[in-house]
Amino acid sequence: MVEELVAAGVTLASAGVVYVAAAARVVKQYERGVVFRLGKLRPQVRGPGFTLIVPGVDKLRKVNMQIVTMPVPAQEGITRDNVTVRVDAVVYFKVTAPAEAVVRVEDYRFAVSQMAQTSLRSIIGKSELDDLLSNREKLNQGLELMIDSPAVEWGVTIDRVDIKDVSLPETMKRSMARQAEADRERRARVINADAELQASKKLAEAAHQMADAPAALQLRLLQTVMAVAAEKNSTLVLPIPVELLRFLEKGTQVSGEAAGAQRAPSVGPRAVQEELPPLEPRLDSGPGRSISRQE
């Protein structure tokens, strides 16, 4: 009798161990468990930790609640300004309603991937090339809204969408390079012209200043000669400014006028002598009756 009781106890214990082993489930911290009892969804979602189900009756399906990073394959399309481009992106999403993600859609990952590709092609056709290259933040927000609208019904929330790269044809790259080069050349010419204008204004002010003090031009010339000679050159080219020649010409004219003023008194007595009337001979009343000319 005792042996039968011991055998029954061992059998019950073994059956209990087998039942617990068959019914025991472990749900990880980043997972949630959805239970189907005879094919019907149980309203209670199992949290992380140890849980039990009815073997052969219940079926537990685990759903990952982590943020999923899904790359979107490159999509080729034509922009609104008729440029062919290839754009690829990346989608970050997570499951917020495990029961909805399991029941409402067969494979929520595949569904989100297809919706992302379709939305990316749509956003390419609605945008211009400049927007794809420079205004990506706005396009990312629009793409996120387009994917998130149907994904909410699947128990999935789109966390972020980023456009990774925009590939252009080689002809378009060369055209854009020529455009950028022409724009930079235009800006360089404008900057050079502005610099010439400012330099001309400063040179005009310096010219007026040197016109008031002609000796400043000579000093500037000597400074230039010293700067050139400091480099130990074997040949020294000395430029002569036009203003210096004009200054020398003015000095020559002044010296000529001064010499003419000095020669003027020597001519004066001859002119006075030529203006005097001729002298007539006078007879002397003295002996011998000699004739003398008195000047």
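Details
- Given their separation in residues at 0.36 nm each and the Cα-Cα distance between them, ALA8 and ILE78 gain 17.5 nm when the chain is fully extended.
- Kirkwood-type hydrodynamic radius, the range 162-209: 14.1 Å, calculated from all non-identical alpha-carbon pairs.
- Percentage relative contact order, the range 76-156, counting C-alpha pairs under 8 Å, at least six apart: 45
- Label-reachable residues, the range 23-37, where backbone N falls under 13 Å from a point 7 Å from LEU52's Cα toward its Cβ: 23-25
- Residue list for the range 116-138, given a label point 7 angstrom along the Cα-to-Cβ vector of MET176 and an amide N cut-off under 20 Å: 120-138
- Taking each residue as 0.36 nm, the span from ASP165 to GLN29 lengthens on full extension beyond its C-alpha to C-alpha distance by 45.4 nm.
- Spatially proximal lysines relative to LYS94 (Cα-Cα < 26 Å; intrachain offsets below 8 disregarded): LYS28, LYS40, LYS59, LYS62, LYS138, LYS164
- Taking packing as the residue-averaged number of other Cβ atoms within 10 angstrom, the listed peptides 91-101, 176-186 run from highest to lowest as 91-101, 176-186.
- Percent accessible area from carbon and sulfur atoms, the range 10-137, protein chains only, probe 1.4 Å: 54
- Computing FRET efficiency as 1/(1 + (r/R0)^6) for ASP107 and SER134, where r is the C-beta to C-beta distance and R0 is 35 Å, gives about 0.45.
- Residues whose amide H comes within less than 5 Å of that of ARG160, counting only those at least five positions distant or on another chain, are TYR92 (H built at 1.01 Å from N in the peptide plane).
- Dipole axis of the range 59-143 (+1 Lys, Arg; -1 Asp, Glu on Cβ), positive-most option in TYR108, LEU133, ILE78: TYR108
- With a cut-off of 15 Å between beta carbons, the residues surrounding THR11 carry a summed charge of -2, where Lys and Arg count +1 and Asp and Glu -1.
- Set of aspartates and glutamates with alpha-carbon distance to LYS250 below 18 Å, sequence-local pairs under 8 removed: ASP212
- A protection proxy built from the mean count of other Cβ atoms within 10 Å ranks the segments 140-152, 9-21, 207-219, most packed first, as 140-152, 207-219, 9-21.
- Treating r as the C-beta distance of VAL17 and LEU60 and R0 as 30 Å, the FRET efficiency rounds to 0.95.
The values are calculated or read from the model by the stated rules, or taken from the named source; none is laboratory data. Small disclaimer: the values here were computed from a predicted structure and weren't measured. Cβ coordinates were reconstructed from backbone atoms using ideal geometry, including for glycine residues, and neighbour counts include every protein chain displayed. These area figures cover heavy atoms from the full protein model, side chains too; ligands, DNA and RNA do not enter into them. Shrake-Rupley method; radii C 1.70, N 1.55, O 1.52, S 1.80 Å.
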